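The structure appears below as structure tokens.
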Amino acid sequence: MKLLDAHAHRSQPRRLPRVLLVVDSLDVGGAERHVCALVEALAARGYIAAIACSTGGTLADTLPASVAVHVLRDQLVKRRVSLPFAWALSRLLRRETFDLVHAHMYASGVASALALLGSAVPLVLTEHSEAAWRGRQARWAGRWQYQRAAQVIAVSPAIRQRLVEQDGAPLECTTVILNAIAAPHAPPGAPAAVVAGPATGPRVGVVARLQPEKGVEYFLEAAALVASHRRDVQFIVVGDGPLRQALPARARALGISAQMHFLGFRLDAPSLIGALDLLVVPSLSEGTPLVILEAMTAGVPVVATAVGGIPAQIRHEREGLLVPSGDPEALAQAILRVLQAPAWARQLGDAGRQRVAAEFSQARMLQQIEAVYDAALAGALVVPPPNGRS
């Protein structure tokens, strides 16, 4: 198998491949937002890039007109094997010509691998999560799709380790590419979105889908502990999901309803992050969350659990604080520590802004993904750059 230098692969001009990105839906979520940002960046680079999904969603309206969106089903396919989705995807691939398929998330990865059986079109898979939810059958299907892929991208070193050691992904074809975000349209310091609560007092918030693995219930317990010391703090929860009704009830039981504001789903969530004094990420499992990069870009310090790819984004006491997952007392202590030292909090935020600009730029991520595409098309191995951050 040929070797491909990730730095030298652009020396010869060539036709850019036609790429189909496959994702479960275009509802708002970290992986879905990543796919939309990637397809937009590819289109700007000159690729003919399209999206296929089981159902549409709010994010479809954010895409440029040049990006075709193929909605293949009328029912969301998520965390399961869907033969109808695979069959619809197969029909799309026969109807339109693509040089490469890049699938994201479990259901779309399995469907893409099935749809490409007997095809010479290479498959690239991106694994966004630690996949703690998977049972025996899902793990078996996961192993099968990874072994069918020409290249596998992990969004954190921890996920790559799991893919290789537990899920059978080929070591030589599995690459770490950390998530990144585009430069903000508004410069740091621009007026931020109106959040909630009084104009005075610090605002501490979570921006996440309200499901168990995001650990928002531990944020509520930590908020109750913080509120026993600081009655001026306003707590913000942005997002929707299965726990949307249970979490406000828990806040009432904890006696913090007056300080806790549930804003629901907000398309302007990145702007809301900039209005916070502190972002909290209390997840029990994670990939490399975009909300952390958005907070860093806005100069907002972060308190997060040390799970998944988060330690690759936030270095303890340098851009934020890291705490154990599932520990509301540790979370509360870290929140109070940041709130009680405003000058240090600004230093953490400034350090985060500098680091995201230097190490998590969209241009850098796109260059790394293009190298993986070239390797998949050439049947080559990707040679990591000298700093080992491929």
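Taken together, the values in this text are just the output of simple stated rules run on the coordinates, not laboratory data. Just so it is clear, the structure is predicted and the values come from calculations on it, not from any experiment. All Cβ positions, glycine included, derive from the backbone under ideal geometry; neighbour counts span all protein chains shown.
For segment 50-70, backbone nitrogen atoms closer than 18 Å to the point 7 Å from A44 Cα along Cα-to-C-beta are found at 50-51, 60-68. Maximal additional length on extending the E329-E317 stretch stands at 2.5 nm, based on 0.36 nm per residue less the C-alpha distance.
Give me the net charge of G201's neighbourhood, meaning all other residues with Cβ under 10 Å from the Cβ of G201; Lys, Arg count +1, Asp, Glu -1.
Values: positive: R203, R230, R231; negative: D232, D277.
Charge balance near G201 sits at +1.
On the beta carbon distance between R18 and A363, with R0 = 30 Å, the FRET formula returns roughly 0.85.
Once you compute Rg and the Kirkwood Rh from C-alpha atoms, what is the Rg to Rh ratio for segment 203-359? Don't skip to the answer; put the middle values down first.
Details: Rg = 14.0 Å, Rh = 15.1 Å.
Ratio of gyration radius to Kirkwood radius for segment 203-359: 0.93.
In this rough spin-label picture, where each label sits 7 Å from Cα along the Cβ direction, the R91-L254 distance is 4.8 nm. Scanning residues 5 or more positions from I181 or on other chains, those with amide H under 5 Å from its amide H are Q362, with H placed 1.01 Å from N in the peptide plane. As an equivalent ellipsoid, the chain spans semi-axes of 37, 22, 19 angstrom, where each value is the square root of five times an eigenvalue of the C-alpha gyration tensor, largest first. Name all residues of segment 101-119 having a backbone nitrogen under 20 Å from the label point set 7 Å from the Cα of K78 along its Cα→Cβ direction, giving them as ranges. Only 103-112 fall inside the zone, counting backbone N under 20 Å.
Taking only the Cα atoms of segment 95-182, the ratio Rg/Rh comes out at 0.96, with Rh defined as the Kirkwood radius. Among G287, L225, V207, whose Cα lies farthest out toward the positive end of the dipole of the chain, if unit charges sit on the beta carbon of Lys, Arg (+1) and Asp, Glu (-1)? Sorting the options by dipole projection puts first G287.
Computed from the C-beta positions of R136 and E165, the FRET efficiency with R₀ = 22 Å rounds to 0.80.
Rounded to the nearest 20 debye, the dipole magnitude of the chain is 540 debye, with +1 charges on Lys and Arg beta carbons, -1 on Asp and Glu beta carbons, and the Cα centre as origin. Normalising the Debye intensity of segment 2-135 to I(0), with uniform scatterers on Cα atoms only, and taking log10 at q = 0.13, 0.17, 0.18 Å⁻¹ returns -0.54, -0.91, -1.01.
A simple rule links phi to the HN-Hα coupling: the Karplus curve 6.51 cos²θ - 1.76 cosθ + 1.60 with θ = phi - 60°, which for segment 143-154 gives 4, 5, 5, 5, 6, 7, 7, 6, 9, 10, 10, 10 Hz, with x for Gly and Pro. About its Cα centre, segment 203-359 has a charge dipole of approximately 260 debye under the convention of +1 per Lys or Arg Cβ and -1 per Asp or Glu Cβ, with nothing else charged.
This ranking places T200, T97, T62 by how few other beta-carbon atoms lie within 10 Å of each, fewest first, which gives T200, T97, T62.
Rounded if a/c is under 1.5, else prolate if a/b beats b/c, else oblate: with a ≥ b ≥ c from the C-alpha gyration tensor eigenvalues square-rooted, which is segment 305-348? Could the numbers behind the result be given before it?
On the way: a/c = 4.00, a/b = 1.23, b/c = 3.26.
Here segment 305-348 falls in the oblate category.
Is it possible to state the helix-based mean residue ellipticity at 222 nm for the chain, with each DSSP H run of 4+ residues giving -39500 (n - 2.57), the sum divided by total residues, to the nearest 500 deg cm²/dmol? What is it?
Details: 13 runs with 147 residues, N = 390.
Dividing the helical sum by the residues of the chain leaves -11500 deg cm²/dmol.
Taking every Cα-Cα distance in segment 142-183 and sorting them into 5 Å bins starting at zero, the pair-distance distribution P(r) comes out as 5, 27, 32, 19, 8, 5, 3, 1 percent.
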